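Down below is the structure, laid out as structure tokens.
None of the figures in this text is laboratory data; all of them are computed from the coordinates on show. Values in this document were obtained by computation on a predicted structure and should not be read as measured data. Cβ: placed from backbone, ideal geometry, glycine included. Neighbour counts: every protein chain shown.
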């Protein structure tokens, strides 16, 4: 017989999956292209360039839409999990993306990403004024497409990226720094495609949907300049840790500005976002839910406290719906991700509050991967900490070591969805019976 808690766990999982489905990259691209057709020249080529965790779905949809065009070249760069899913799909005889596909490292860039970035740059440089370049951009593109600026190496970018990930920097800070170290971010990729006409369809994993930040804005004006990047690194106590040649690069004058980049023949359109997925969760609940309008951001400990404030006014049977992206300041050497750590922190705060009654909290990444783990996040309840202790774990010690993955694995509370093929940041649901 299904228990009340099991029913609640299934309920919040279904709400979460409704939010993920709303960010389906295929539908997002197809809907836009049907509503706003590209003005293609009869004798021009069409280049489709898809970058990010949702690249395959976006590119597959675009290829289907333009199947009758006589001259189409498509290239996609995505993470290993989604590339593996494509290979399995093709192996099983199902249709899938038929262009050139590169798999690369995320969240830390790797050599395969460098190969992919060079190929993308070379492709768009071949476009002329008769041609059209359709960029399909989604979250994860920053790490997946690492082409270092002149004088820097892939190892330099990997080093800075790893330090930023451990520092607790937010996505805007991280991507501003990434742009200043890149040959294609911050609008430089669009500059390579001149004089072709361009359009960027963007699936946002950034709260607030600043197009300059998503995938580090390869076709958008930059977020900031070298001086601002230096300031961020200094504020995070990272600048003096960098090699001298990286410091010297950041002390140079910028090689371009936002005005120059934005003057190209490019337009950018948002086709999906975290806010849209939260709205979809609301529709799934048929309006019997409370949408928390303030995005869930900041550090995971700050976010957990904010959630607890909202729980004080929660009504039985009325889910609280959140969307956002938090950060974790790594102090230990454990395994986990921001969603898993947030869920574990909420479970501990609920125990401290001595809450009486059944409750469920889900925190998950819409891409299906939370940090360097195979979990999307976690679903915790009033028995989570007891199950961890019964398995021989100490929840506080595991949390202090940033080892939320192993803690929640002991409780059998990991949220496992597999790669979803999309990415619009994180979703959270809190429910009391």
**Request:** Using only the alpha carbons of the range 113-196, determine the length spanned along each of the three principal axes and report them from longest to shortest in whole angstroms.
**Result:** 46, 24, 17
**Message:** For the chain, set up a GNM with springs between Cα atoms under 10 Å and report which of 56, 211, 86 has the largest fluctuation.
**Reply:** 86
**Complete:** DSSP beta bridges in the range 25-272: the antiparallel percent, rounded to 5, is 5
**Asked** Over the range 25-272, what relative contact order in percent results from Cα pairs under 8 Å that are six or more residues apart?
**Response** 20
**Item:** P(r) of the range 25-272 over all Cα-Cα pairs, binned every 10 Å from zero, in whole percent
**Value:** 8, 33, 36, 17, 5, 0
**Complete:** For the chain, the longest principal axis of the Cα atoms and the Cα long axis of helix 55-65 enclose an angle in degrees, to the nearest 10, of 60
**Fill in**
A correct fewest-to-most ranking of 249, 106 by other Cβ atoms within 10 Å would be 249, 106
**Request:** Specify the residue with the greatest mean-square fluctuation among 175, 274, 412, computed from a Gaussian network of the chain linking alpha-carbon atoms under 10 Å apart.
**Result:** 412
**Message:** I need 94, 197, 389, 26 ordered by Cβ neighbour count within 10 Å, fewest first.
**Reply:** 94, 389, 26, 197
**Message:** Residues of the range 59-94 with the amide nitrogen closer than 19 Å to a label point 7 Å from the Cα of residue 42, along Cα-to-Cβ, please.
**Reply:** 68-72
**Pairwise label distance in nanometres, residue 115 with residue 3, each label 7 Å out on the Cα-Cβ vector** = 5.0
**Request:** Note the angle between two axes, namely the Cα long axis of helix 274-284 and the longest principal axis of the Cα atoms of the chain, as a number of degrees from 0 to 90, rounded to the nearest 10.
**Result:** 50
**Asked** So what is the relative contact order for the chain, in percent, with contacts set as C-alpha pairs under 8 Å and at least six apart?
**Response** 18
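Calculate for the chain the 222 nm mean residue ellipticity that helices alone would give, adding -39,500 (n - 2.57) per DSSP H run of length 4 or more and normalising by residue count, nearest 500 deg cm²/dmol.
Working: 18 runs with 181 residues, N = 433.
Counting only the DSSP helices, I get -12500 deg cm²/dmol.
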**Asked** For the range 239-358, how big is the tail of P(r) above 22 Å, as a whole percent of Cα pairs?
**Response** 59
**Rounded Å value of the spacing that divides the Cα centres of the range 138-188 and the range 295-332** = 28
**Message:** Over the Cα atoms, compute the radius of gyration (one decimal) and Dmax (the largest Cα-Cα distance, rounded to a whole number) for the chain, in Å.
**Reply:** 22.0, 70
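Percent relative contact order of the range 306-367, based on C-alpha pairs within less than 8 angstrom and at least six residues apart?
Values: 20 pairs, mean separation 21.6, N = 62.
Reported as a whole number, the value is 35 percent.
Report the full-extension gain for the segment residue 312 to residue 126: residue separation times 0.36 nm, less the Cα-Cα distance, to one decimal in nm.
Numbers: separation 186, 0.36 × 186 = 66.96 nm, distance 5.86 nm.
Answer, rounded to one decimal: 61.1 nm.
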**Asked** Relative to the longest principal Cα axis of the chain, at what angle does helix 338-352 sit, 0 to 90 degrees, rounded to 10?
**Response** 20
**Request:** Mind telling me which of 421, 298, 139 comes out most flexible in a GNM of the chain, alpha-carbon contacts under 10 Å?
**Result:** 298
